[in-house]
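The values are calculated or read from the model by the stated rules, or taken from the named source; none is laboratory data. Just so we're clear, the structure is a prediction, and the values are computed from it rather than from any experiment. Reconstructed Cβ throughout: ideal geometry from the backbone, glycine too, with neighbour counts over all protein chains shown. Note: accessible area is taken over every heavy atom of the protein model, side chains too, but ligands, DNA and RNA are not part of it. Shrake-Rupley method; radii C 1.70, N 1.55, O 1.52, S 1.80 Å.
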Amino acid sequence: MTALNLTGVGTCTAVAYANIALAKYWGKLDADNNLAAVPSLSLTLKALRTVTAVQFDSNLVKDEMTLDGRSAAPGPLRRAVHLLDRVRRQSGLQQFARIESGNSFPTASGLASSASGFAALSHAALQASGLPTSASAVSRLARQSSVSAARSAYGGLVTLEKGAPEAEPLAGLEPTLELTFVIAITNKGPKATGSTSGMLHTQGTSPYYRAWTEAAPKVFREIRTGLLDRDVRRAGEAMEHSTLLMHASMMAARPALIYWEPATLAAMNCVRQLRDNGVLAYFTMDAGAHVKVLTLRREATVIEKALLVVPGVQQVIVSGIGPGAHGIASP
Ligand code: DP6
């Protein structure tokens, strides 16, 4: 990944890891306050990492940001400035800031870079402004920028209730469960429609959106209960239902929102075949074409090998459980 160049006095650097939702969030209860319309449950992944450095500086005349070594585009910069504005309001600080952020994985292609990005930025900005950096404070600040980012404040399995201001860890399962995601990367370009506009479009035009919000809480509970009972098959089966319900609501929007590519369907079929052969494997897709396969560590290699030969799959990433957002020594 891109090395950060920002160093010196007043620089705070934080790392956060992307999370994949087993129970999906899609839709806003309150768009102004960025509150989720449905409960979600995710796993934080150590292979998908963002490192972000923040430095408030009285010499700056505006906020500046680089992303993977390049000047950030207006969209991501605007969202980062809004986050910094909240931190300035909370802390009383008036200076502008310099932000440098780097991802270990393709940005904005449906691999949850906004989750790790805003969680890392929240931690680094809170720390640089002298505000508390508890996971709860990071989660609350990150959620205002991106709902899924609230979950990356914590490691392992994390829940975010409908309308909740912050996420909570689902404690106690990680060491024994050895949950693993095997991620089939089907394209590396930026996604066509971002999550925020995609979900608002679904909410505004899809006759299936209401059915989705009605079904989602039950599926969320099934996934949570499956995990608490250490029944990964039950959780996995409900996880597939969650993603397919969500994608059905997107496909019924006008115009339709279809994130899948031929490789997405081929990878889904591959997962079904693996399962027919007794392998523990369940798929989920987000606002992108990649297929993320839930399994246990001991089964990951078989799944990785099978996905690597699926037409259109360009790369496979295997990831175990990652920690919550935290500060690191500035380089
Ligand atoms: C499909 O959290 O990116 O990945 O709150 O508008 O920033 P905003 O949306 P975002 O949406 C993520 C949607 C998802 C499902 C999920 O992660 O739960």
Would you pick out the residues in the range 123-146 that are part of a helix (DSSP H, G or I), more than 13 Å from the ligand (Cβ to nearest atom) and hydroxyl-bearing (Ser, Thr, Tyr)?
Ser136
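Pick out the one residue from Ala211, Ala248 that is open to solvent by 10 Å² or more (accessible area, probe 1.4 Å), within 16 Å of the ligand (Cβ to nearest atom) and either of a type in the set (Lys, Arg) or in contact (Cβ under 8 Å) with a residue 24 or more places away in the chain (or both).
Numbers: Ala211 fails: within 16 Å of the ligand (Cβ to nearest atom).
Result: Ala248 is the single residue among Ala211, Ala248 that is open to solvent by 10 Å² or more (accessible area, probe 1.4 Å), within 16 Å of the ligand (Cβ to nearest atom) and either of a type in the set (Lys, Arg) or in contact (Cβ under 8 Å) with a residue 24 or more places away in the chain (or both).
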Sort out which residues of the range 29-49 are within 7 Å of the ligand (Cβ to nearest atom) and either touching an Asp or Glu at 6+ places or on another chain (Cβ under 6 Å) or assigned to a strand (DSSP E or B) (or both), and write them in order of number.
Ser40, Ser42
Can you tell me which residue within the range 86-122, out of those that are at pLDDT 95 or above and within 14 Å of the ligand (Cβ to nearest atom), is surrounded by the most Cβ atoms within 10 Å (Cβ to Cβ)?
Ala119
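Just checking, how many residues over the range 147-160 are touching a Phe, Trp or Tyr at 6+ places or on another chain (Cβ under 9 Å) and away from the ligand (no atom under 13 Å from the Cβ)?
So in the range 147-160, the residues touching a Phe, Trp or Tyr at 6+ places or on another chain (Cβ under 9 Å) come out as 147-152, 155, 159-160.
Now narrow it down to the ones that are away from the ligand (no atom under 13 Å from the Cβ): 155.
Residues flagged as touching a Phe, Trp or Tyr at 6+ places or on another chain (Cβ under 9 Å) and away from the ligand (no atom under 13 Å from the Cβ) within the range 147-160 amount to 1.
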For the range 225-241, give me the residue count where each residue is of a type in the set (Gly, Ala, Ser) and more than 23 Å from the chain's Cα centre (by Cα).
0
Consider Ala267 against the criteria (1) surrounded by 14 or more Cβ atoms within 10 Å (Cβ to Cβ); (2) under 30 Å from Glu100 (Cβ atoms): it satisfies all of them except one. Which criterion is unmet?
(2)
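Name the residue, out of Tyr17, Tyr25, that is open to solvent by 10 Å² or more (accessible area, probe 1.4 Å), in a loop (DSSP other than H, G, I, E, B) and within 16 Å of the ligand (Cβ to nearest atom). It would help to see each step written out before you state the result.
Values: Tyr17 fails: in a loop (DSSP other than H, G, I, E, B).
Just one listed residue meets the conditions, Tyr25.
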Report whether or not Met199 is modelled with pLDDT of 95 or more, within 16 Å of the ligand (Cβ to nearest atom), of a type outside the set (Val, Ile, Thr) and within 25 Å of Val310 (Cα to Cα).
no
Picked from the range 123-156 (must be farther than 19 Å from Ser195 by Cα, open to solvent by less than 10 Å² (accessible area, probe 1.4 Å) and in contact with a strand residue (DSSP E or B) (Cβ under 6 Å, 6 or more places away or on another chain)), the residue modelled with the lowest pLDDT is Gly156
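Among the hydrophobic types (A, V, I, L, M, F, W, C), open to solvent by 60 Å² or more (accessible area, probe 1.4 Å) and over 28 Å from Met250 (Cα atoms), is that true of Val279?
The answer is no for Val279.
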Do we have any residue at all in the range 183-193 that's more than 12 Å from the ligand (Cβ to nearest atom) and at pLDDT 95 or above?
yes
What number goes with the only condition from (1) open to solvent by 30 Å² or more (accessible area, probe 1.4 Å); (2) at pLDDT below 95 that Pro255 does not pass?
(2)
Kindly establish whether Asp63 is within 19 Å of the chain's Cα centre (by Cα), more than 16 Å from the ligand (Cβ to nearest atom) and either of a type outside the set (Lys, Arg) or open to solvent by less than 60 Å² (accessible area, probe 1.4 Å) (or both).
no
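Here is a list: Arg275, Arg221, Arg254. Which entry is within 23 Å of the chain's Cα centre (by Cα) and among the basic types (Lys, Arg)? Step through it out loud before you land on a result.
On the way: Arg275 fails: within 23 Å of the chain's Cα centre (by Cα); Arg254 fails: within 23 Å of the chain's Cα centre (by Cα).
Exactly one residue qualifies, and that residue is Arg221.
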Within the range 308-324, considering residues that are surrounded by 15 or more Cβ atoms within 10 Å (Cβ to Cβ) and either without any contact (Cβ under 8 Å) to a residue 60 or more places away in the chain or in contact with a Leu (Cβ under 9 Å, 6 or more places away or on another chain) (or both), the one farthest from Arg272 (Cα to Cα):
Gly322
